[in-house]
Amino acid sequence: MCAVSLQAIREAIDTCAESDTATFARQTRNAIARAIVAEAMAHEAPAAAEHPPPDLRPVVGPELADTLAALYAGGDDWTSRAIDALEPLHALARR
């Protein structure tokens, strides 16, 4: 994955404590969408996360929190997790 794109996703996830749920969901959804497009353009080795993600469960619930935490970690199959996160993030952003 493009290291810059993964970093943008991580930065969006890191804002969960600073934003209301809808804003957090919108920013994270948009970062994921941009990262998927960037991945389609060029593939680079994923960069490891420098720290674990923040506790997302109070903000987005347990299932989406698990999906976002796995996405935050990166890995070869990150796009599947990213796509899985788009719809629930979009629903939260529309609240």
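Please arrange D66, D55 by how many other C-beta atoms lie within 10 Å of their C-beta, fewest to most.
Working: D66 14, D55 11.
Neighbour counts put them in this order, fewest first: D55, D66.
What ³J(HN,Hα) values, in whole Hz, does the Karplus curve 6.51 cos²θ - 1.76 cosθ + 1.60 give for segment 13-29 when θ = phi - 60°, with x put for Gly and Pro?
5, 4, 7, 4, 7, 9, 10, 6, 4, 5, 5, 4, 4, 5, 5, 5, 4
For the chain, what is the per residue volume of the convex hull drawn over the alpha-carbon atoms, in cubic angstrom? Don't skip to the answer; put the middle values down first.
Values: hull volume 7.4 nm³, N = 95.
It is 78 Å³ per residue.
Report the charge-dipole magnitude of segment 38-92 in Debye, nearest 20, computed about the Cα centre from +1 at each Lys and Arg Cβ and -1 at each Asp and Glu Cβ. Could the numbers behind the result be given before it?
Working: 2 positive and 10 negative charges, 31 e Å.
In total the dipole reaches around 140 debye.
What does the charge dipole of the chain about its Cα centre add up to, to the nearest 20 debye, if the Cβ of each Lys and Arg holds +1 and the Cβ of each Asp and Glu holds -1?
Its charge dipole is roughly 360 debye.
Over the chain, what relative contact order in percent results from Cα pairs under 8 Å that are six or more residues apart? Spell out each step's value before the answer.
On the way: 117 pairs, mean separation 37.2, N = 95.
It rounds to 39 percent for the chain.
Relative to the present Cα-Cα distance, how much length would full extension add between R95 and A17 at 0.36 nm per residue of separation? Kindly include the intermediate steps, with their values, before the conclusion.
On the way: separation 78, 0.36 × 78 = 28.08 nm, distance 1.75 nm.
So the chain would gain 26.3 nm between R95 and A17.
Every number here is computed from the coordinates shown, using simple stated rules; none is lab data. This structure is a prediction, so every number in the text was calculated from the model and none was measured. Neighbour counts are summed over all protein chains in view; Cβ atoms, including those assigned to glycine, are modelled from backbone coordinates with ideal geometry.
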